[in-house]
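Here's the structure, in structure tokens; my notes come after.
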Amino acid sequence: MKALERRLGLGSVVAISISSMLGSGIFVLPGLAFLETGPSLWMAYLFSALCVLPAALSKSELATAMPTSGGTYVYLERTFGPLAGTIAGLGLWLSLLLKSAFALVGFGAYLSVFSELPLVYTSLSLLCLIVLLNIFGIGKVSGFLIVVVLLSVFGLFGLGTISTSTILRENFQPFLLEGVPGLVSATAMVFVSFAGVTKVAAIAEEIQKPEKNLPKGILMSLFLVTIIYCTTTFILAGNLTASELGGNLKPIYSLALKTGGEFIAIAAGVLGVLTMTSMANAGILAASRFPFAMGRDLLLPSAIGKLHPKFLTPVLSIILSGAIVAASILVLDVGKIAKLASAFMLLIYMFENVAVVVLRETRVQWYKPSYKAGLYPWMQIFGIVSSLYLLFIMGFTSVTAIVGISIPGVIIFFLYSRKRMDRRGVVGIKGAKISTTKEDISVDKAKLLQYVDLPEKAGVLVGLFGKEHSQDTLIGMGQAIAKDQTVEVVHLLEVPEQTVLSDLQDDSAQVKSIRRRIRAMVAEKGTKISFDPIVDHDILRTTFDIAEYLKIKWLVVEWVGRTRGAFTIHNPIGWLRDHLDCNIIAFRDNGIRYFKKIMVLLDKTRNDAVVVEACRELAGAYGAEVCFMRFIDEDYEDCNPDLEEAYFGKLLENFNRPYSTEILVCDHKKSSIVEMTAEYDLLVFAKPQFMSLKERIFGSIEDQLIGQAACSVVNIQKGGKVKVRSILH
């Protein structure tokens, strides 16, 4: 498949992003929004920018994790599945095209200043030129955009400079024309002015160093445009009276005529025409990439997803986009439809914030953004709440937009797209795990053995997910508890559903290194170890399938605690524990390689026998001494030392390794245990399967103990949803 050429630098990114915003949002819309809130208009633009900021940060992160054409369509499709992707792709495509049509018609208000040409035919002629520029190559388009953006920015700056001295204080009375409700209503109205800030992400595949230039370009353009909007609208309100500004469709021209004279006014008219032309061009440029990406993913006919062999641009997608804009200019009430489309964009911005939360919290292995949005998750939560509030303020308009654009996407998906794909998205995959019971799960052995040559049976499965600190130690533990049974080691690489698995069958350098070390272990200890590297879309389900197929007794993995920057604890090991009948060893490496002293915590539960069994094999493999301990609260009245010793004696009667026992009475168990771990190489205990909601969000005491222990830690969990109380309560 041919790839789009990366030829856009930071300047082009900023130019395209600014040109997607600078247009009717400042040259036409202020007069309409003034009717809602009056001289406080600049505050409406500022509040809209603040509501857009979370989406700008989130989309910058998403774009560096998935730098490919399609932008929001790709992010939502991979996160929520192809149905959401189809709706989002078509909705964004249509809304951008409608905005482009609105810009092409809107510039007529400025064109009328110095020309009597027919508006519709002039707009269509300009549209044809824009389509040709996009077909011949984005490099030519970006150069044109940079010139227009510079003219717009400096033109508005110059006009603002000469108009500042003529601001009249009395024009700001009353400041809130319709009170706070009017200001909020205006904020929702002018939101459309910022809708293009993140659209440049749709052409991420054509940007040089997208991991740096994309977030920088988006944030720089948002900052610059916010300053332009706020200062320009403040100056407009200060120079024009309510009767002059309210409902005015060419406010910049009116300002220039009043403060600079006829020559400056004509220049402002030319500037308005050029700026809104560039806005229309940027809209078609970004919009044409949505059907292009959807065609490559077979959500639309594949011909739309092909590049022209000479120009290396998606010609069919560009022509189709231009045709829809032309039809809109000829048939539709573009101003009203553009506002409806902005409501759908507001919904998409909300789901971009949701997507970041989903991808971070589910810890999808392939999600590796080179840029991460700051103030996570509070920035995303603010974006979600503010978007919902603005949609609520828009009322029936938002409902009409969402339903009107979503229905075609649903129809296309069920009539065409669904038959050509079986992807579910991250939410579909993770949701299936959460809602599935063991009785509902069946192992597809034919699919499992398609790329993997598994042994018929194994006693231990060692799962390597790619970020382990000590793979050799995990495999060594598997050897220790396997006795004379086979140890199956699997290296699992998770890739997005769009990736064809057969394209990734060549071993990586890491896989070759693991295979070499396993051969050395087999030669040294003579144990039976089978190794299989696996690439899949759902590595957790694959781990379950392998464990069930091999009927293992032990699963060995590295402990995964709270990820920095996450605010929930996604617990994949918990899902495996609830569905597998085997025992699970989760190992936390603290830099210790030789375990000569092992500290074991017991709490008189049915898990104690499993813990003792594991410790017997580990002690034998490492030649370690074991100390079994019981920590008892000071105020525990039923503590009977004789009964405690009798419990130890019965539990350890078949323990054939050197060991000792201790019963410790204390008032702060966690701190006492952490203090004692300094004297040992390995801490072993059973972790409770069930935790409260508070413990799942903020971490349990056991999680804190694992993280704070001075030695390495093994926590053992018995499969099958066995309810075990905490060792520390």
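Quick one: is Y349 within 13 Å of the chain's Cα centre (by Cα) and assigned to a loop (DSSP other than H, G, I, E, B)?
Working: within 13 Å of the chain's Cα centre (by Cα): yes; assigned to a loop (DSSP other than H, G, I, E, B): no.
No; evaluated as a whole, the condition is false for this residue.
Of E662, E675, E645, which residue is at pLDDT 80 or above, of a type in the set (D, E) and under 13 Å from L601 (Cβ atoms)?
On the way: E675 fails: under 13 Å from L601 (Cβ atoms); E645 fails: under 13 Å from L601 (Cβ atoms).
Checking each option against the conditions leaves just E662.
Keeping to region 71-108, report how many residues are under 16 Å from S278 (Cα atoms) and either part of a helix (DSSP H, G or I) or basic (K, R) (or both). Talk me through it step by step, then tell me what you get.
Of the residues in region 71-108, the ones under 16 Å from S278 (Cα atoms) are 96-108.
Filter once more, keeping what is either part of a helix (DSSP H, G or I) or basic (K, R) (or both): 96-106, 108.
Final tally of qualifying residues: 12.
Among the residues making up region 14-34, those that are assigned to a helix (DSSP H, G or I) and either of a type in the set (D, E, K, R) or modelled with pLDDT under 80 (or both) are A15, I16, S17, I18, S19, S20, M21, S24. The residues of region 270-307 that are closer than 19 Å to L415 by Cα and part of a loop (DSSP other than H, G, I, E, B), listed by number, are D297, L298, L299, L300, P301.
Taking the condition touching a Lys or Arg at 6+ places or on another chain (Cβ under 9 Å) and in a helix (DSSP H, G or I), does Y121 pass?
On the way: touching a Lys or Arg at 6+ places or on another chain (Cβ under 9 Å): no; in a helix (DSSP H, G or I): yes.
No; evaluated as a whole, the condition is false for this residue.
The set of residues from region 591-626 being small (G, A, S) and not in a loop (DSSP other than H, G, I, E, B) comprises A609, A614, A619, G620, A621.
Here are some residues: S417, S386, S406. Which one is in a helix (DSSP H, G or I), among the polar types (S, T, N, Q) and under 14 Å from A188 (Cβ atoms)?
Answer to the selection: S386.
Note on region 395-412: residues that are out of contact with any Phe, Trp or Tyr (no Cβ under 9 Å at 6 or more places or on another chain) and either surrounded by 14 or more Cβ atoms within 10 Å (Cβ to Cβ) or not aliphatic (A, V, I, L, M) (or both) total 7.
The values are calculated or read from the model by the stated rules, or taken from the named source; none is laboratory data. Model, not experiment: these values are computed from the prediction. Cβ atoms come from the backbone with ideal geometry, glycine included; neighbour counts cover every protein chain shown.
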